[in-house]
Amino acid sequence: MSEVKLAAAIRSEFGKGAARRVRRENNVPGVLYGHGSDPIHITLPGHQLQLALRTSNVLLALDIEGKNELAIPKSVQRDPLRGSIEHVDLLIVKRGEKVNVEIPVNTEGELAPGAFLLEHVLKALPVEAEATHIPESVTVSIKGLTAGDSILAKDIPLPSGTTLAVEDDTVVLQILAAQAEEPSAEAEAEAAEGAEA
């Protein structure tokens, strides 16, 4: 995983008004915490942060007014309408340190022929990985699976150095039979009337 370098500035003003001013300047307010240090309130460049966060669990190399820190995103608040980033919480990490994160689960292949549905029981897989080597995602084959089949956490191949942070037998994906819609009461009544006529 590559590091994304961002310049950050320390924030001294807090509250909604201050946050709005930061966002008007195309920046994003954030908080950096972890490793027993006091939280650091920072401002990050909005566009660069938006691009960096397209990669899940991106490793950010922050230059905070001359001091360097590595961090991963822990919480990102977005505007519900525009999708722009309103605020970000970042966790300080160190090289070689293990962190718990959730990584997206991708699928490849086609289900067996028939009316089957793939249900993502877990949208993302909780894992423990080294902070500087967090996998972007994992991929699992669903080729030929039918109703009643499921994929457990232990069935998903993980990159070396990455371990599960959930029970081995946790269901991640399951295959369901597509349900035919039951006719409504009105449709049944109309069918009965038609049969009587």
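If the condition is being surrounded by 15 or more Cβ atoms within 10 Å (Cβ to Cβ) and either in contact with a His (Cβ under 6 Å, 6 or more places away or on another chain) or part of a loop (DSSP other than H, G, I, E, B) (or both), then region 32-65 contributes 53, 55, 56, 57, 58. Residue check: residue 59 meets all listed conditions (1) free of Cβ contacts under 8 Å to residues at least 12 places away in the same chain; (2) in contact with a Ser or Thr (Cβ under 7 Å, 6 or more places away or on another chain) but one, namely (1).
Table: residues versus (1) modelled with pLDDT of 75 or more; (2) touching a strand residue (DSSP E or B) at 6+ places or on another chain (Cβ under 7 Å).
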| residue | (1), (2) |
| --- | --- |
| 8 | yes, yes |
| 14 | no, yes |
| 18 | yes, no |
| 22 | yes, yes |
| 26 | yes, no |
| 44 | yes, yes |
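Of the residues making up region 75-93, just one is outside any strand (DSSP E or B) and either among the aliphatic types (A, V, I, L, M) or modelled with pLDDT of 85 or more (or both), namely 81.
The numbered conditions (1) in a helix (DSSP H, G or I); (2) surrounded by fewer than 17 Cβ atoms within 10 Å (Cβ to Cβ); (3) in contact (Cβ under 8 Å) with a residue 40 or more places away in the chain; (4) of a type outside the set (S, T, N, Q) are all true for residue 17 except (3). Considering only residues in region 159-197 that are of a type in the set (D, E, K, R) and at pLDDT 80 or above, the one that is least open to solvent (accessible area, probe 1.4 Å) turns out to be 168. A residue that is at positive phi, open to solvent by less than 60 Å² (accessible area, probe 1.4 Å) and either over 15 Å from the mean Cα position of the chain (by Cα) or not polar (S, T, N, Q) (or both) occurs somewhere in region 94-104. Residue 152 passes every criterion in (1) more than 30 Å from residue 38 (Cβ to Cβ); (2) surrounded by 12 or more Cβ atoms within 10 Å (Cβ to Cβ); (3) in contact (Cβ under 8 Å) with a residue 24 or more places away in the chain apart from (3). Inside region 106-139, residues that are closer than 17 Å to residue 91 by Cβ, in a loop (DSSP other than H, G, I, E, B) and either open to solvent by 50 Å² or more (accessible area, probe 1.4 Å) or in contact with a helix residue (DSSP H, G or I) (Cβ under 8 Å, 6 or more places away or on another chain) (or both) make up a count of 1. All of (1) modelled with pLDDT of 85 or more; (2) closer than 23 Å to residue 134 by Cα hold for residue 36 with one exception: (1).
Whenever a residue of region 36-49 is of a type in the set (Val, Ile, Thr), its partners that are in a strand (DSSP E or B) and open to solvent by 30 Å² or more (accessible area, probe 1.4 Å), lying with C-beta atoms within less than 7 angstrom and at least six residues away or across chains, give the pairs 40/10; 42/9; 42/10; 43/9; 43/27.
The values are calculated or read from the model by the stated rules, or taken from the named source; none is laboratory data. Bear in mind that the values here come from a model prediction, so they are computed numbers and not experimental data. In this analysis, Cβ positions are derived from the backbone assuming ideal geometry, glycine residues included, and neighbour counts consider all displayed protein chains. Ligands, DNA and RNA are excluded from the accessible area calculation, which covers all protein heavy atoms including side chains. Shrake-Rupley method; radii C 1.70, N 1.55, O 1.52, S 1.80 Å.
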